[in-house]
Amino acid sequence: MSSNDPTKLIEQYLERVRVYLPLDSEDAIVELQTHLIEEAQRIGGGTMTAGSAMMAIERMGDPKRVANEYAGSGKKVGPVPAEYVNPVSRIIILLLGVGAAFTIGLSLIGVTITQLFGADIQNWPFSIPLMIFLNLFILFVIIGGLSLLDRDKPLTEKTTLESIFGIGVDGFKAKGRWDAAGDFIMGVFWGVVISIPSIVILYTDAFKALYIYVVIFLFLGAIRGALFYFGGENNFNLAVEAFLSVVWIALAVILIDVGWPIRYVYNFNGSTWALFDLEGFFLSNDIPFVPFDWIWIFIMFVTVVISVWRIFASSMKISMYLRAGKRLWWQGNWGERRRLRAPLWRRFLGEHDQFQQKDTVYHDGYREPEEEQ
Amino acid sequence: MYSTLLRTLLKEVNTVSMSKKTQEELDRWSKEVKRGAVTLAILALLSKRKAYGYEAVKLLDAKMSFLALEQGTVYPLLRRLEQRELLRSEWDYEDPTKPKKYYAVTDEGSMALSEMSKAWTNLSREIQAVLTEVE
């Protein structure tokens, strides 16, 4: 559904452009955003309306073409049209990364990819080309169908295909500043909690021998959070993230054999807190303790998948930034997107989008006349 | 009488198709000329004063009707000229709702502009001379 809010129309249009631009193109988006606002204000005689915004957008043209010309990336690669090279390659990298992450995670817990669905895949690995062909065929049928459904949508409305490509954009978004702050706080909090002596006595002997490495890792994770909080996304911070992810995978290989790390829990017996042997209770009552080990394996699996993804994304971004001529450290961003509209809480307090009231003032001092609608 | 009408009609059809072909040739030629001219025009405009993207688009619109560029094509060109170090840019966040990226010509850009201007003047003079001879 198209909105009547001009700022929303521009944002929706820019979202579509963003899908086709390479990563790290926020500058291009901001430049286009300023252009669209000023053009809409000029058309609207100083005030931006839904109609004037729509006209400005239509003058700018098809998002695919605009992004392609802007990025200068427009070369057809094989059967992929130039405009789709960026989003398609991004989504392929995303799928490969997720696939690699799950494969490594699964192999860590002793499941081979051929046994994933309970039975060995027949004729492995010769079934791969056939599977790829079938999947590509299904993909083309789906894309064709979606494109037919989307053909009458207005310029501001994302097509279904673009929504899918959008996953590729979000998958590589820089770490948010509050996420980084969360990493720092949680790293310090859990690092302290799991090293408290009254907590340490709860661990199994095997985990007791290793918990200090987990504490060190958590504190290093907190430092990484602080680095991202202050420096945003840059090559140094990405390298730290990739390094810590490698360290965690190495640690996880050892930790997974340790099994469920907590042997005792605190139990209040009416007057004092005493230790209750959790593992002993299960074993003495003939209840299998295995589910706890499964939970542990699942936790390890998830953290390893995330770590592999981080290594993948960090390596890709570092090479991208190096190609763009950036060095080790700079003030990076936090994946934030410039919003045209005031946040809901500010609008609730009565703050409006200021630019709608402002005249356009050019560098030479010329001011666009403001006219009443 | 019918044959005269038919002949007139055919002549009309021919005239229309010829003018369409001429139009196509003009479009093609214009595109080729514009491609080179727009770089010179942008460098010349920005050598006098720095300007942000939208300003540059409007200046080109106002001063160079022949170029009549699509709005979306000016930004990629500014970006390419910046990458080739003929232009430099800086962001102005004074109005946070409309951050502006100002472009100005670099020393390298000024030198390129000077040489391009000479080449353009020579070319214009020579073309003019050829055209005068033909006329």
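The values are calculated or read from the model by the stated rules, or taken from the named source; none is laboratory data. What you see is a predicted model, and the numbers here were worked out from it, not measured in a lab. Cβ placement follows ideal geometry from the backbone for every residue including glycine, while neighbour counts extend to all protein chains displayed.
Quick check on the range B:115-133. Is at least one of its residues closer than 25 Å to residue A:28 by Cα and either within 14 Å of another protein chain (Cβ to nearest Cβ) or at pLDDT below 85 (or both)? Within the range B:115-133, not a single residue is closer than 25 Å to residue A:28 by Cα and either within 14 Å of another protein chain (Cβ to nearest Cβ) or at pLDDT below 85 (or both).
Among the residues of the range A:21-69, the one identified as under 13 Å from residue A:6 (Cβ atoms), part of a loop (DSSP other than H, G, I, E, B) and within 11 Å of another protein chain (Cβ to nearest Cβ) is A:48. Taking the range B:92-135 as the range and being surrounded by 13 or more Cβ atoms within 10 Å (Cβ to Cβ), of a type in the set (Phe, Trp, Tyr) and not in a helix (DSSP H, G or I) as the test, the residues that pass are B:102, B:103. Screening residue A:162 against (1) in a helix (DSSP H, G or I); (2) more than 18 Å from the chain's Cα centre (by Cα); (3) of a type outside the set (Phe, Trp, Tyr) leaves a single unmet condition, (2). Sub-6 Å Cβ pairs linking a first residue in the range A:220-239 that is at negative phi to a second residue that is of a type in the set (Phe, Trp, Tyr), at least 6 apart or interchain, are A:222/A:184; A:225/A:184; A:226/A:184; A:234/A:329; A:234/A:330; A:235/A:321; A:236/A:329; A:237/A:228, ordered by first then second residue.
Of the residues screened, residue A:257 is not one that is over 28 Å from residue A:105 (Cα atoms) and either modelled with pLDDT of 90 or more or charged (D, E, K, R) (or both).
For the structure I just gave you, tell me whether residue B:62 is of a type in the set (Gly, Ala, Ser), surrounded by 12 or more Cβ atoms within 10 Å (Cβ to Cβ), closer than 27 Å to residue A:38 by Cα and more than 10 Å from chain A (Cβ to nearest Cβ). So that I can check it myself, show each step before the final result.
Working: of a type in the set (Gly, Ala, Ser): yes; surrounded by 12 or more Cβ atoms within 10 Å (Cβ to Cβ): no; closer than 27 Å to residue A:38 by Cα: yes; more than 10 Å from chain A (Cβ to nearest Cβ): yes.
Spelling it out, it is not the case that residue B:62 is of a type in the set (Gly, Ala, Ser), surrounded by 12 or more Cβ atoms within 10 Å (Cβ to Cβ), closer than 27 Å to residue A:38 by Cα and more than 10 Å from chain A (Cβ to nearest Cβ).
Only one of the numbered conditions (1) more than 20 Å from residue A:173 (Cβ to Cβ); (2) at pLDDT 85 or above; (3) not in a strand (DSSP E or B) is not met by residue A:308, and that is (1).
Considered as a group, the residues in the range A:1-20 that are touching a residue at least 24 places away in the same chain (Cβ under 8 Å) and within 14 Å of chain B (Cβ to nearest Cβ) include one that is surrounded by the most Cβ atoms within 10 Å (Cβ to Cβ), and that residue is A:20.
Quick check on the range B:74-87: of everything there that is surrounded by 17 or more Cβ atoms within 10 Å (Cβ to Cβ) and either touching a residue at least 12 places away in the same chain (Cβ under 8 Å) or outside any helix (DSSP H, G or I) (or both), which residue is nearest to the other protein chains (Cβ to nearest Cβ)? For the range B:74-87, the residue satisfying everything is B:75. Only one of A:286, A:277 is surrounded by fewer than 18 Cβ atoms within 10 Å (Cβ to Cβ) and either of a type in the set (Ser, Thr, Tyr) or in contact (Cβ under 8 Å) with a residue 12 or more places away in the chain (or both). Can you tell me which? Only one candidate passes the filter, namely A:277. Inside the range A:159-216, residues that are crowded, with 16+ Cβ neighbours inside 10 Å, at pLDDT 90 or above and among the aromatic types (Phe, Trp, Tyr) make up a count of 5.
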